[in-house]
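Right, one structure below, let's go through it.
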């Protein structure tokens, strides 16, 4: 008889800065019927804000709550002790927003524990402040997250821009916007260029928007003609008439630049070398490419001409 596989213990890691809504999200989750089916629950609290855990709910669930005061306490040995002492069926960790989530991902946890879901909560009213002053920490949070929740949103906030910022860091993350009443908002994409124009002109400052949106919404761009300025990138792995025009984008800090571009086919490629600045006019199609590990935008150039490099070479999301 085959050896039976031990059941896995899902670990939910909830992170975000102080007062970002982590405990409110945790209380909401614990109150849901689907989350109250008898599993033994261990809650590890690494930070306490103004909102407290629902003590009555915890009592009814017979959940165990353990508080951690410093990051140095959160070790693999600590996790082993928690597993032996409480034998949890699931673990919820309300993480300290000033601690790097990568540290906990690197811990040696019990063999049957598995990081099941990473969740980041964001107070939208303070997002810009943190983004401008603590961007590397935000990037580390979002990079591991399966779900990012923007709460306390209002309609006058640049929510579509915030969504692109997250998508640039983690394309796979689900992003939800909630208003001040906790209701999910429908946030349409607001684009700074005309998708119905015969040629969609992408300004330098808007290239990052185009790069993200073309990935997310192929239905908008399939068969459309775009025009933008980019730097040519050529590689020996490209065959025939293929190169990549694109821009360096700052996703975290000045030392963390990523080249963002799409595969482009053009007979003009033989006149190019890497680093040349060109103005590309091309039709957008969607094809399966090994560079994308799946289907993605492929440009078919109608015209390419040399041009001066932009005043600001780096783009933002």
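Go through (1) under 18 Å from residue 290 (Cα atoms); (2) more than 24 Å from the chain's Cα centre (by Cα) and name the single condition residue 215 misses. Just one mismatch for residue 215, condition (2).
When residue 303 is tested against the conditions (1) surrounded by fewer than 17 Cβ atoms within 10 Å (Cβ to Cβ); (2) touching a helix residue (DSSP H, G or I) at 6+ places or on another chain (Cβ under 6 Å), the lone failure is (2). Check region 7-14 and report whether any residue there is without any contact (Cβ under 8 Å) to a residue 60 or more places away in the chain, assigned by TED's automatic domain parsing to the domain that holds residue 138 and either surrounded by 18 or more Cβ atoms within 10 Å (Cβ to Cβ) or under 26 Å from the mean Cα position of the chain (by Cα) (or both). No: region 7-14 contains no residue that is without any contact (Cβ under 8 Å) to a residue 60 or more places away in the chain, assigned by TED's automatic domain parsing to the domain that holds residue 138 and either surrounded by 18 or more Cβ atoms within 10 Å (Cβ to Cβ) or under 26 Å from the mean Cα position of the chain (by Cα) (or both).
Output the residues belonging to region 172-199 that are in a strand (DSSP E or B) and free of Cβ contacts under 8 Å to residues at least 24 places away in the same chain. Step through it out loud before you land on a result.
Within region 172-199, the subset in a strand (DSSP E or B) is 174-179, 184.
Within region 172-199, just 184 meets the criteria.
When residues of region 61-110 are filtered for being over 25 Å from residue 137 (Cβ atoms) and in contact (Cβ under 8 Å) with a residue 12 or more places away in the chain, how many remain? Spell out the reasoning first.
Residues of region 61-110 over 25 Å from residue 137 (Cβ atoms): 61-65, 77, 80-90, 110.
Narrowing the set further to residues that are in contact (Cβ under 8 Å) with a residue 12 or more places away in the chain leaves 61-65, 80, 82-83, 86-90, 110.
Number of matching residues: 14.
Residues in region 167-181 that are touching a strand residue (DSSP E or B) at 6+ places or on another chain (Cβ under 8 Å) and modelled with pLDDT of 90 or more were compared, and the one that is nearest to residue 248 (Cα to Cα) is 173. For region 281-296, does any single residue satisfy the condition of being in a loop (DSSP other than H, G, I, E, B) and touching a helix residue (DSSP H, G or I) at 6+ places or on another chain (Cβ under 7 Å)? Taking every residue of region 281-296 in turn, none turns out to be in a loop (DSSP other than H, G, I, E, B) and touching a helix residue (DSSP H, G or I) at 6+ places or on another chain (Cβ under 7 Å).
Filtering 91, 68, 81, 139 for residues that are under 27 Å from residue 165 (Cβ atoms) and assigned by TED's automatic domain parsing to the domain that holds residue 167 leaves a single hit, 139.
The values are calculated or read from the model by the stated rules, or taken from the named source; none is laboratory data. The model shown is predicted, which means the values in this text are computed figures rather than measured ones. So basically every Cβ, Gly included, is an ideal-geometry build from the backbone, and we count neighbours across all protein chains shown.
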